[in-house]
1. So, in segment 51-94, exactly how many residues are among the hydrophobic types (A, V, I, L, M, F, W, C), in contact with a Pro (Cβ under 8 Å, 6 or more places away or on another chain) and over 26 Å from SER160 (Cβ atoms)?
2. Condition first: part of a strand (DSSP E or B) and either free of Cβ contacts under 8 Å to residues at least 40 places away in the same chain or not aliphatic (A, V, I, L, M) (or both). Now tell me which residues in segment 114-145 satisfy that.
3. Find the residue count for segment 96-110, including only residues that are exposed (fewer than 14 other Cβ atoms within 10 Å of the Cβ) and not polar (S, T, N, Q).
4. Regarding segment 132-151, can at least one residue be identified that is in contact with a Lys or Arg (Cβ under 9 Å, 6 or more places away or on another chain) and at positive phi?
5. For LYS62, indicate whether it is of a type in the set (D, E, K, R), within 15 Å of the chain's Cα centre (by Cα) and within 18 Å of VAL117 (Cβ to Cβ).
6. From the set of residues in segment 73-87 that are touching a residue at least 40 places away in the same chain (Cβ under 8 Å) and outside any strand (DSSP E or B), which is surrounded by the fewest Cβ atoms within 10 Å (Cβ to Cβ)?
Amino acid sequence: MIENPENDPDVEPETSNEVEDGGSWDDLQVGFSGNPKTKLDDRGRMKMPAEFKAFIDKKYGKGFKDFYITSQDAVTAEIYPMKEWVRQMAKILEMPKSHPARTKLLDTYNLYGDRVVMDPQGRLLFPEELRNEGVLVGDVKVSGEGNLLRVTSLKSLRESVKANPFSEQELDALARYGL
C-alpha cells in the first residue's frame, strides 16, 4: 500500500496553471509577459522564444506568422503581431495629420519598420534599416510588454540599468502604484 500518491509511479502528478487569485496563467489578459534571453544571428534573424511562440499559437492560432517589427529609437525593436500593429496604427491615425508628434512617429516607424513573416524555424528577420544601425546584435533580451515584444541588446540594457539607478522620486512614484 502506497501512502503517498506522489511516490506512486501509476499516478499522474497533478499540475496546475492556477495563480493565487484563482485564475489560470493561460487566461490572463495581460498579453506578452516575461523576458527571455536570445540571440540575433549574423543575418539579423531572431528565433522567437518558446514561451512567446506558445502564447502566439494560443492567442492568434497555430501557424500565425505575420508580424510588424519597428523601432521608435533604433536602440530597441518593437515586435507586434500584425493584428496588434493594425490596432496601433489605428490609434496613430486618430491623431490630427498636422500634429508634429504623429508625423515624427510615423516617419520613425516607417524608417525602421517592415512587415515580417516568421519562417518555419520560428525566426524573424529584422528590417534592414534597423539591422544597419548595428545596435541589436548578438545577445538580446525579449521583454513582453502586453501587446508587443521589446527587443533590447543585453549589453546596452546592462549598461543602462547600472548607469541609471532609481532616484528617490522614481521609487516614490512606483510606491504610489503599489510597486
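1. Within segment 51-94, the first condition is being among the hydrophobic types (A, V, I, L, M, F, W, C), and the residues that meet it are 52, 54-56, 64, 67, 69, 74-75, 77, 79, 82, 85-86, 89-90, 92-93.
After this cut, where a residue has to be in contact with a Pro (Cβ under 8 Å, 6 or more places away or on another chain) as well, the list is 52, 56, 64, 67, 69.
Imposing the further condition that a residue be over 26 Å from SER160 (Cβ atoms) reduces the set to 56, 64.
Count: 2.
2. Within segment 114-145, ASP114, ARG115, ARG123, GLY138, ASP139, LYS141, SER143, GLY144, GLU145 meet the criteria.
3. Residues that pass the stated criteria total 7.
4. Yes, some residue in segment 132-151 is in contact with a Lys or Arg (Cβ under 9 Å, 6 or more places away or on another chain) and at positive phi.
5. Values: of a type in the set (D, E, K, R): yes; within 15 Å of the chain's Cα centre (by Cα): no; within 18 Å of VAL117 (Cβ to Cβ): yes.
Taking the combined requirement at face value, the residue does not satisfy it.
6. Among residues in segment 73-87 that are touching a residue at least 40 places away in the same chain (Cβ under 8 Å) and outside any strand (DSSP E or B), the one surrounded by the fewest Cβ atoms within 10 Å (Cβ to Cβ) is ARG87.
A short reminder: the numbers here are calculations on the coordinates, not readings from a lab. Computed from a predicted structure; not experimentally measured. Glycine gets a Cβ as well: all are built from the backbone with ideal geometry, and neighbour counts include every protein chain shown.
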